[in-house]
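The values are calculated or read from the model by the stated rules, or taken from the named source; none is laboratory data. If you're wondering where the values come from, they're calculated on a predicted model, not measured in any experiment. Counting neighbours? That spans all protein chains shown, and the Cβs are built from the backbone with ideal geometry, glycine included. Areas reflect the complete protein model, heavy atoms only, side chains present, ligands, DNA and RNA absent. Shrake-Rupley method; radii C 1.70, N 1.55, O 1.52, S 1.80 Å.
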Amino acid sequence: VGNYKRTVKRIDDGHRLCNDLMNCIHERARIEKVYAQQLTEWAKRWKQLVEKGPQYGTVERAWCAFMSEAEKVSELHLEVKGSLMNEDFEKIKNWQKEAFHKQMMGGFKETKEAEDGFRKAQKPWAKKLKEVEAAKKAYHAACKEEKLAISRETNSKADPALNPEQLKKLQDKVERSKQDVLKTKEKYEKSLKELDNATPQYMENMEQVFEQCQQFEEKRLRFFREVLLEVQKHLDLSNVASYKNIYRELEQNIKTADAVEDLRWFRANQGPGMSMNWPQFEEWSADLNRTLSRREKKKASDGVTLTGINQTGDQVSQPNKHSSSLSVQSNTVQSVQSSYNPFEDEEDTGSTVSEKEDNKIKNVSSYEKNQSYPTDWSDEESNNPFSSTDANGDTNPFDEDASPAMEVRVRALYDYEGQEQDELSFKAGDELTKMENEDEQGWCKGRLDNGQVGLYPANYVEPIQ
């Protein structure tokens, strides 16, 4: 009696399993989305690095083909994410809503119907079982009383002090107990027989309700199997024609890389085959001389680049016209090369010396593809960009050190595992020092307490109040 509750509980478990399956699919969809975003970010960053790097020609296009492959695969994984959430997740949600109906007082209608069905089918048999238990208890009590009466009578016969009247009472007690045993036994057997007669109908009624529960559970099990097969189809990219085409196209792009063609291109554009600009006679011009004096000198000097100058009357000094270069301390500015000319605008007096270091480009390539190379073979006056008579003053505008960035202590909000050698790894709750503010791609430069310096996503940390 009452063991049907395990079958009833299975209905509630079915509803919970629908929630579990939806959560499982939702987590996988989130993984697909994050993976697609990481592929896109990786492709964008490396495509920029390769295009700006020293690689050229067909090998460059073959290298960039990997970034194109990542972008296309990213799109496919976003489609997988969409299929999981828009089709599979919603299908389970709708089926659950149709299969399970909540009641006003709590619980599900299907659970209550099964509970009531089992209780109704079991009630008559349970009532007879209760009668059998009562008859059994009465019979056993009568047998115990009979045994006790017989024991007392036997003991009284051995006692000479007991008078005949008392002995007669004990004998009557034994007789009555024997009759009670016969009556309770008969009643016990009768109730047990009635229970046995009711058992077939009881089993039939219980099995009928049980089969209804089985049919309900069968629908859920078949539905789960159907959904899991659909999820498998959405996850299996090996059967997607466009997925195969991505790698077929990638292989073709790599095979088109031709070393001979690249060497021929380099000879024609950067070697003896390039167009020559032989020196020719040029007339002197005052305007030309002024323009040359204002032109930015693109010269690599120990990795130092000036990205801004604060020109004031008492800071600008007249440089030596016979000097071919300007000496600047290497520890004043740290940055990669820039094409900004601080002398283009004569009226710009509000600019300041700034610095910016792109760690990712620095760690991959030592120079950009389109950089200008110095031609330090002449000591002529025209090579000095500071030879203009417009510069005045008695001090060097580059003597002041660039002010370092303000360091801020931050705390990690999430775990982050560095994907590159120049990236930091930390756990949620770890503290570190932010050394540079967020760049255009959302990265910050920081330092762990163990001294390691590197990059990390800006949105993974928060300032420590």
* Structure fact -> Scanning the range 421-442 for residues that are under 14 Å from Val410 (Cα atoms), surrounded by 16 or more Cβ atoms within 10 Å (Cβ to Cβ) and in contact with a Phe, Trp or Tyr (Cβ under 7 Å, 6 or more places away or on another chain) gives Leu424, Phe426, Leu432
* To do: Answer yes or no: is there a residue in the range 85-105 that is part of a helix (DSSP H, G or I), under 23 Å from Tyr247 (Cβ atoms) and open to solvent by 30 Å² or more (accessible area, probe 1.4 Å).
  => no
* Among (1) without any contact (Cβ under 8 Å) to a residue 24 or more places away in the chain; (2) open to solvent by 70 Å² or more (accessible area, probe 1.4 Å); (3) part of a helix (DSSP H, G or I), the one test that Lys178 misses -> (1)
* Asked: Is it the case that the range 125-148 has a residue that's open to solvent by 80 Å² or more (accessible area, probe 1.4 Å), within 60 Å of the chain's Cα centre (by Cα) and farther than 30 Å from Leu21 by Cβ?
  -> yes
* What number of residues within the range 410-465 satisfy the criterion of being free of Cβ contacts under 8 Å to residues at least 12 places away in the same chain, closer than 26 Å to Gln48 by Cα and over 22 Å from the mean Cα position of the chain (by Cα)? -> 1
* **From the options Val73, Val34, residue that is modelled with pLDDT of 95 or more and either buried (at least 17 other Cβ atoms within 10 Å of the Cβ) or within 30 Å of Glu211 (Cβ to Cβ) (or both)** => Val73
* Any residue in the range 283-299 that is more than 48 Å from the chain's Cα centre (by Cα), farther than 30 Å from Glu75 by Cα and at pLDDT 90 or above? -> no
